[in-house]
Amino acid sequence: MPNDNSHDRHPATLDSEVLLRECSERRTRRSGPGGQHRNKVETAVVLKHEFTGIEAEGNERRSQAENRQVALFRLRVRLAVEVRTDRAPDAVPSELWRSRCSAGRISVNPSHLDYPMLLAEALDVLAMCDFEHSAAANSLSCTGSQLIKLLKDERSAFERLNRERVARGMPRLK
């Protein structure tokens, strides 16, 4: 998986304008429901993060602007899952993490704009802890079950965790 060292921050946490400047954008048509407008106008948007080659698409809306926002959110999620940034072992959880984690519980809806940023931080800490979820949860000041729940909200993140654990000889989590 790509490792992006060109940022001090994880690319999933960048401001939308900054992240979009790092992307190429392609517009296309898609077939399916949405009527004649959908079939005649290039409303589908594909964003490609140039530093990593990761792509995401938004095509289910009739508006190109809405599809760009959908594609941007999906790109953030894919970057969160696939790109790892180094963390110092003594790093404290981000301000965003602390604002979303109280008494060991992580409070975020997987469709909220904060979700990809929290997912990126969780996976970076898991990587730092060699994918041992209890150590990562301890470092993030949450419970292990809450950390797993956060990852299960994005199937590819949970699958990534289990792939990394199996590669290290650890059992899969359920």
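Let me spell it out: the conditions are (1) free of Cβ contacts under 8 Å to residues at least 40 places away in the same chain; (2) over 21 Å from Leu19 (Cβ atoms); (3) in contact with a strand residue (DSSP E or B) (Cβ under 9 Å, 6 or more places away or on another chain); (4) charged (D, E, K, R), and Arg74 meets all of them except one. Which number is the exception?
The one condition Arg74 does not meet is (2).
Listed residues Leu113, Leu118, Leu79, Leu96; which is assigned to a loop (DSSP other than H, G, I, E, B) and in contact (Cβ under 8 Å) with a residue 12 or more places away in the chain?
Going through Leu113, Leu118, Leu79, Leu96 in turn, the sole match is Leu113.
Condition check ((1) in a helix (DSSP H, G or I); (2) surrounded by 14 or more Cβ atoms within 10 Å (Cβ to Cβ); (3) in the same structural domain as Pro110 (by TED's automatic domain parsing); (4) modelled with pLDDT of 95 or more) across all residues:
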site	(1), (2), (3), (4)
Arg27	no, no, no, no
Pro33	no, no, no, no
Gln36	yes, no, no, no
Val46	no, yes, no, yes
Thr52	no, yes, no, yes
Glu57	no, yes, no, yes
Arg62	no, no, no, no
Leu72	yes, yes, no, yes
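Determine, yes or no, whether Ala137 is outside the structural domain of Ser16 (by TED's automatic domain parsing), touching a Ser or Thr at 6+ places or on another chain (Cβ under 9 Å) and more than 18 Å from Ala12 (Cα to Cα).
Yes.
Which of the numbered conditions does Leu123 fail, given that it passes all the others? Conditions: (1) more than 17 Å from the chain's Cα centre (by Cα); (2) touching a residue at least 40 places away in the same chain (Cβ under 8 Å); (3) closer than 15 Å to Arg84 by Cβ.
Condition not satisfied by Leu123: (1).
For segment 86-131, name all the residues that are among the β-branched types (Val, Ile, Thr) and out of contact with any strand residue (DSSP E or B) (no Cβ under 8 Å at 6 or more places or on another chain).
Across segment 86-131, the qualifying residues are Val92, Val108, Val125.
Taking segment 75-99, which residues are surrounded by 17 or more Cβ atoms within 10 Å (Cβ to Cβ) and within 30 Å of Asn59 (Cβ to Cβ)?
Passing the criteria: Leu75, Arg76, Val77, Arg78, Leu79, Ala80, Val81, Glu82, Val83, Arg84, Thr85.
The values are calculated or read from the model by the stated rules, or taken from the named source; none is laboratory data. Keep in mind that what you see is a predicted model, and the values were worked out from it rather than measured. Every residue, glycine among them, receives a Cβ derived from its backbone with ideal geometry; neighbour counts consider all protein chains shown.
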